[in-house]
Amino acid sequence: MRERRPARTEPASSTSKSETPVPVATPPRAERSEARLTERIGGTTVDFDTVYRERRAQMVRTAYLIVRSQHVAEELVHDGFLRLHEHFDTVENPGGFLHTAVVRLCLTWLKRRDMERDRLQRLPAPAPSGSPEIDELWDALATLDPDRRTVLVLRYYADLSHAEIAELVGCPVTTVRTRVHRGLADLRGELDR
């Protein structure tokens, strides 16, 4: 960590009899952070934008090679840059901090993914209903628009009223009625194929 410097002082005015220095107020932390998005490394000044431009592509490649997903890698690198930005004024080596943060985020993501897979494998597979009509209905229901499928499931499987569905989904009751009507029409079309 970097040493904290004492507050700057200015000599007292010449009209004053006292020769003690007067402390100068330091700006609030937010102002210091905005003004100091720079860091000294080996005598050169590096700002956050420069670190971002120089290190982003390399960090995305590294993250991709660890997690094997471009989208996930980009999200994890973004999170790493957010962490760096939060601590930029106290970090001595922004590149090292970023690299460590991204690798740790990747490893955490992999652990969570593996844990999710493990727990899903522990769950018993859903048993077939034994009725081809129900299985066909569920397959047709899966092809519907998610908004229409949601209101149909809540209306006919959870047996909720239109008002209760509207409250759960966060839309007007008339919208729920419209989605139920159109969802049933779509469902009939899927079943008639």
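Values as computed for the structure displayed
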{"item": "Test: residue in region 50-58 that is outside any helix (DSSP H, G or I) and among the β-branched types (Val, Ile, Thr)", "result": "no"}
{"item": "Flag for LEU105 being at pLDDT 90 or above, touching a Gly at 6+ places or on another chain (Cβ under 7 Å) and not polar (S, T, N, Q)", "result": "yes"}
{"item": "Per-region count, region 181-193, residues of a type in the set (Gly, Ala, Ser) and surrounded by 15 or more Cβ atoms within 10 Å (Cβ to Cβ)", "result": "1"}
{"item": "Residue within region 79-88 that is at pLDDT 90 or above and not in a helix (DSSP H, G or I) present", "result": "yes"}
{"item": "Scan of region 139-180 for residues that are part of a loop (DSSP other than H, G, I, E, B), buried (at least 17 other Cβ atoms within 10 Å of the Cβ) and in contact (Cβ under 8 Å) with a residue 12 or more places away in the chain, ordered by number", "result": "LEU144"}
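To keep it simple, each residue is scored yes or no on (1) surrounded by fewer than 15 Cβ atoms within 10 Å (Cβ to Cβ); (2) free of Cβ contacts under 8 Å to residues at least 24 places away in the same chain; (3) of a type in the set (S, T, N, Q).
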position	(1), (2), (3)
VAL72	no, no, no
VAL77	no, no, no
ARG83	no, yes, no
GLU86	yes, yes, no
ASP89	no, no, no
GLY96	yes, yes, no
THR100	yes, yes, yes
CYS106	no, no, no
LEU110	yes, no, no
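Residues are listed down the side, and each one gets a yes or a no for (1) among the aliphatic types (A, V, I, L, M); (2) touching a Leu at 6+ places or on another chain (Cβ under 8 Å); (3) at pLDDT below 90:
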| site | (1), (2), (3) |
| --- | --- |
| GLU133 | no, no, yes |
| LEU154 | yes, yes, no |
| ALA158 | yes, no, yes |
| SER161 | no, no, no |
| GLU167 | no, no, no |
| VAL173 | yes, no, no |
| VAL180 | yes, yes, no |
| ASP186 | no, yes, no |
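The values are calculated or read from the model by the stated rules, or taken from the named source; none is laboratory data. Keep in mind the model is a prediction, meaning the values are calculated, not measured. All Cβ positions, glycine included, derive from the backbone under ideal geometry; neighbour counts span all protein chains shown.
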